[in-house]
Amino acid sequence: MSQPWRPGLTVRIVLFIAALVALFGVLTVLIVSDIVTTQLRERYASDRQTSIDFLTASLVPMVQLGDYTRLERTIDAVLVYENIVSLAVYDGDGQLIRAASETGEGSLPTDTISHILTHDNELVGRVDIGFSRAYIDVQVSELTRILVLAVTAILLATAGALLWYFTRSVVRPLNIFTRTVRSMTSDNLGLRVPLKGSDEIGVLAGSFNAMARELEESNQQLREAHNRLEERYRERATREQRRTEQLRRIFEMRQEIIRISELPQMLRYVVQALQQSFSYHCVNVYLVEPDSAELHLSASAGESGEDEIGGPDNDAESIVNSVLQSCRPRLVTDVGRREETNETRGSNNAEAELAVPIAIGTLRLGVLDIRADRAGGLDEMDLFTAQTVADQIASVVESARVAKETRELTMLDERNRMAREIHDTLAQGFTGIVLQLEAAEQSLGDAPE
């Protein structure tokens, strides 16, 4: 069974104000229409009398003098007035002198007045004037319509003001309170009833807002704690995933490094693998020349600026040289803002730089230099990767140098052995020659003269 329709508070207020405004509107329109009609009718009577007086004063001299030409022009000119639609002038004998009338809409006379023209109590003639109230009716209609519109506008404005007042004071606060209560859930405790005041609705809204604020603060604290835990978990998972990926790639590089026997080829592979795998701006490997103890660029990948393979690094204030001297890794996350140091920039486009020593113990073999093209592009994970690769490079470089020294020692031993063999051969040959000479000398000495 459906419930009967019951108008709400807003509907009842609107109906009451509408009925009240309609009643006042009808009464006002009737009163205004009656006043306007009376005023304009009085104006019509005044205009009519003024026209009669004007025509009497104008036509009497013309009729007396018989100036009918001027009389005709005057009659034509008089018909221009909106209250006169016809005019006929007669002489003293009753003969028609001139008659004229308007044609078209509104040309029928409403009142026709016959006025005797006299001069010094002598009959001069007669004029019949046809007056029309059409212009008065038009003005009555226009003024009534304007006044009705004005009154309607005023009444509508009054009704709107009353409706606004009741809506603002009673209806809207209750609707806002109701919607806020219905919309508030455990996931949406930030809603507040935007009502203030000392009345009953304002006090109720204040109490409700205080309760909602306490619930929201408790819920916010729980959410923040949950978000912090999730953020830590995501950061840790990201770090572990990145570390795993880097370790995997480092392991692959290590296997390839072990497989490559030539040092230059191995260095080229390392810098290219690092630069491509981790999207670095550039990767450089500097090695110390044993003879000159100078740092030379041995391999490079990416955009390395003006550095040339095999060229020395003569900049004593660069990060690479500082790392070689201190034998400690260096990470500069923003090269352009190194105000605390006087180090020069390694690459025109590098915004972050990382350098780690290639060393075994205190033996400094070189420096692994990595650069990024944006500030903050390198972090501790990149430092870990670089240090691991640098240790592998150090082992390979040292092994290569030991192998080189071993080959040199082997060649030196071989040369010494060959020298000893040549010496022994020559010594034996010289000994045999000496013995032969001595035997020949003895034979010559024993022979008879």
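Read-outs: derived from the displayed coordinates by stated rules, not from any lab. The structure displayed is predicted, hence computed values, not measured ones. Reconstructed Cβ throughout: ideal geometry from the backbone, glycine too, with neighbour counts over all protein chains shown.
Given charges of +1 on the Cβ of Lys and Arg and -1 on the Cβ of Asp and Glu, with all other atoms neutral, how large is the dipole of the chain about its Cα centre, in debye to the nearest 20? The partial results should precede the final answer.
Values: 45 positive and 66 negative charges, 652 e Å.
The calculation lands at about 3120 debye.
Using Stokes-Einstein with the Kirkwood hydrodynamic radius over Cα pairs, what translational diffusion coefficient do you get for segment 114-174 at 25 °C and a viscosity of 0.890 mPa s, in µm²/s rounded to a whole number? All intermediate terms of the calculation are to be shown ahead of the outcome.
Values: Rh = 16.8 Å.
Value of D from the Cα-based Kirkwood radius: 146 µm²/s.
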Square roots of 5 times each gyration tensor eigenvalue, C-alpha, the chain, largest first, Å: 129, 41, 16
Most mobile of 287, 96, 215 in a GNM of the chain (Cα contacts under 10 Å): 96
Based on the mean of other beta carbon atoms within 10 Å per residue, what is the order of 48-56, 413-421, most packed first? 48-56, 413-421
Note the angle between two axes, namely the Cα long axis of helix 380-446 and the longest principal axis of the Cα atoms of the chain, as a number of degrees from 0 to 90, rounded to the nearest 10. 20 degrees
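Given a Förster radius of 25 Å and the C-beta distance between residue 179 and residue 229 as r, what FRET efficiency does 1/(1 + (r/R0)^6) yield to the nearest 0.05? Walk me through the intermediate numbers first.
Values: r = 35 Å, r/R0 = 1.39.
Plugging the Cβ-Cβ distance into 1/(1 + (r/R0)^6) gives 0.10.
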Could you give me D for segment 71-230, from Stokes-Einstein at 37 °C and 0.692 mPa s, where the hydrodynamic radius is the Kirkwood radius over C-alpha pairs? Units µm² s⁻¹, please. 138 µm²/s
Within the chain, helix-based [θ] at 222 nm, where runs of 4 or more DSSP H residues each add -39,500 (n - 2.57), nearest 500: -21500 deg cm²/dmol
Just 283, 127, 320 to compare: in a GNM of the chain, with alpha carbon springs under 10 Å, which one fluctuates most? 127
Which residue, 331, 23, 222, tops the fluctuation ranking in a GNM of the chain built on C-alpha contacts under 10 Å? 23
Two-decimal ratio, segment 9-154, of alpha-carbon radius of gyration to 2.2 N^0.38 Å: 1.59
Ranked packing of 60-72, 380-392, most packed first, by mean Cβ within 10 Å: 380-392, 60-72
Below 8 Å, C-alpha to C-alpha, sequence gap of six or more: please give me the relative contact order for the chain in percent. 8 percent
For segment 9-154, what is the relative contact order in percent, using Cα pairs closer than 8 Å and at least 6 residues apart in sequence? 25 percent
Estimated inter-spin distance, residue 245 and residue 57, nm [label 7 Å along Cα→Cβ]: 10.9 nm
